[in-house]
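Values in this text are rule-based calculations from the coordinates and carry no lab data. Computed from a predicted model, the values in this text were never measured in an experiment. All Cβ positions, even for glycine, are placed from backbone atoms using ideal geometry, and neighbour counts span all protein chains on display.
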Amino acid sequence: MKSIIALIVVVIAAAFWWLLLDSRAPESADDVFDIAAYRALIADDVDLPSNINIEIVGMDEAPKFATETGGGFSKHALYYTAIQIVSPTEKTVIGGAVDDLTATAILQSDNASFDASAYDRLKESYASADQIFITHEHLDHVMAITRHPAPETFTDKLRLTAPQVESLPLFAPASGLSPALASLTPFEIAAPMRIASGIVVAPAAGHSPGSLVFFVRRDDGQEYLFIGDIVWAMSNIDHLKTRPRLLQYLFFEPDEDRKQVLRQVRALHDIAARKPDLVIVPDHDGAYLRNLIDQGALGGTFQ
Ligand SMILES: [Zn+2]
C-alpha cells in the first residue's frame, strides 16, 4: 500500500513539474536573430524613423506564474498595444490590438480597463500609414484590422503573411469577415527583409506560425527589436523561462512550438547581455512598457 501511495505522489509531482515548472532553454541559440544581418539591410538608409509610438488600448493583470514558469502568485500588468513608426517620409503601424468585446472576453482581473480613445486612434492611424503589419495572428493583436468599419480603405497597405491571413476569419465581426480581408494576398517573407527606411522584419515562428520580429533603428541611432509575444514579460528573458505547458495547452490553437520559443528566449537572453543598448520590446509587459515611455524610448500616443 505504501508503495502505491508513493507511486501516486511521484506521478502527481512529475505532472506538476511537467505542466507548470519545466522550462529548459538550450545552452545557445546564436543563429535565431541575426542582428548584424538586420543592420546590414538598413546600413545605407536615410530618413530613419524619428518617432516610435505606442498606443495602450487595454490594461489587465495576470498572475506571474501564467507568464513565466515558477513565477509565483504576484500580479503582472499586461497591456494590449500597437506600435507606430514615424519617419520623415513614411509611417508604419504594427498591430491591431483588442476591441472592447475581446478585452471583456479575455478579462483576467478586476483591474482591467479598455481605452476607447486609444482604440479609435489605432483604427484611424491606418488611414495615414504607408504599411500595416501585425506581430502575429492572435486575437489580441488583430481586432482593429478585422473589426475595422472599413478595412477596404487600407487593405492595399496591409502586409500579412499566409498564416496571418488564414487566421483572419477567426476574428471576424458578427457581420462576417470583410471581402477585402478575405481576399487578401499574403505578404511573402522567408528571410529577414528591409520593409522601410530603418525597419527590418524577420520570420520568428514559434509562439504562432505567423510570428514576426521587427528590428528598427531610430534617427538618433537607438535600435529596437519588437518581439511580439515570444515572451509576455521581460523577466522571462532575464530568467531564461517561457510560459507553463499547462497554459500553452489551454490557450493556444495551434499549440506553440515550445522548443522554438525556448531557443528564441535563449537568443534574446544572450543578445540582451551582449547588446545592452538594444531596446527589446514585447507587446504586453505593462510595467516595462510604461518605463520605456517614461524614458522617451517610446512615444505614449500615435501621431
Ligand atoms: Zn500571442
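Things to note:
- For the chain, built as a Gaussian network whose Cα springs stay under 10 Å, the top-fluctuating residue of Glu124, Glu223, Glu188: Glu188
- Helix-only CD estimate at 222 nm, as mean residue ellipticity for the chain, using -39500 (n - 2.57) per DSSP H run (n ≥ 4): -9000 deg cm²/dmol
- For the residue pairs Lys2/Lys259; Lys64/Lys259; Lys2/Lys241; Lys91/Lys275; Lys64/Lys275, alpha carbon separations beyond 32 Å are given by Lys2/Lys259; Lys2/Lys241.
- Set of the range 255-299 residues, backbone N closer than 18 Å to the point 7 Å along the Cα-Cβ line of Asp219: 296-299
- Here the gap between Ser183 and Ala40, fully extended at 0.36 nm per residue and compared with their Cα-Cα distance, gives a gain of 48.0 nm.
- Prolate/oblate/rounded call for the range 107-245, Cα gyration tensor, a/c under 1.5 rounded: rounded
- Across the chain, Cα-Cα pairs farther apart than 25 Å form 48% of the total.
- Using a Gaussian network model of the chain in which every pair of alpha carbons under 10 angstrom is joined by a spring, one finds that among Phe65, Phe133, Phe73 the greatest mean-square fluctuation is at Phe73.
- A Gaussian network model of the chain, with springs between Cα atoms under 10 Å, assigns the largest mean-square fluctuation among Ala202, Ala273, Ala82 to Ala273.
- Simple Cβ-charge dipole of the chain, Lys/Arg +1 and Asp/Glu -1, about Cα centre, in debye nearest 20: 820
- Label reach from Phe252 (point 7 Å along Cα→C-beta): in the range 201-232, amide nitrogens under 16 Å belong to 204-213, 227-232.
- In this label model, Ser128 and Ala172 are separated by 3.3 nm, measuring between points 7 Å along each Cα→Cβ vector.
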